[in-house]
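The values are calculated or read from the model by the stated rules, or taken from the named source; none is laboratory data. Remember, it's a predicted structure, so these values are computed and weren't measured experimentally. Glycine also receives a Cβ, built like all others from the backbone with ideal geometry; neighbour counts cover every protein chain displayed.
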Amino acid sequence: MKIKIEPFLMKKGNRVAKAAIEFESDDSFMAGFYLVGFTICNDPEKGLFVLFPSAAINHQAGEKGEAKRKQFFFLRPDSSELIDKLESLILDTYESMTAFNTPK
């Protein structure tokens with residue numbers, strides 16, 4: 001598995017880069033596939049964090065049939081530690097790329 005980072009040339013709010021996971025030959029069946037949709041954000045209060053691939057789904061809910069939005073996440077880990085580990089891998093890759101390009 002290889003993490004690919006593409007920094008945004010123009011800052012878009014607090015979003016600083018997008019990331020994808022490339023599955024390599026040692027990942028057997030998934031070799032040659034990419035998982036895209038990761039966004040790296042830098043917030044003054046939270047610091048760096050990753051938004052994971054998801055979609056907002058509208059559905060009818062309640063007796064009156066009001067439309068409600070629900071987040072649908074494409075990655076569903078067995079435990080929160082796995083998602084934290086993936087976020088750390090993505091952020092470590094991003095920080096290693098930007099370490100030499102940051103003015104002191």
Among the residues of the range 27-52, count how many are farther than 21 Å from Pro77 by Cα and either loosely packed, with under 13 Cβ neighbours inside 10 Å or touching a Lys or Arg at 6+ places or on another chain (Cβ under 6 Å) (or both). 7
Being among the polar types (S, T, N, Q) and closer than 19 Å to Asp84 by Cα, is that true of even one residue in the range 46-66? yes
Scan the range 53-68 and give yes if some residue there is modelled with pLDDT of 95 or more, surrounded by 10 or more Cβ atoms within 10 Å (Cβ to Cβ), closer than 15 Å to Lys18 by Cβ and not charged (D, E, K, R), otherwise no. no
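Given the criterion outside any helix (DSSP H, G or I), of a type in the set (Phe, Trp, Tyr) and modelled with pLDDT of 90 or more, identify the matching residue among Phe72, Phe49.
Result of the check over Phe72, Phe49: Phe49.
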Looking only at the range 7-35, count every residue that is of a type outside the set (A, V, I, L, M) and more than 19 Å from Leu48 (Cβ to Cβ) and tell me the total. 11
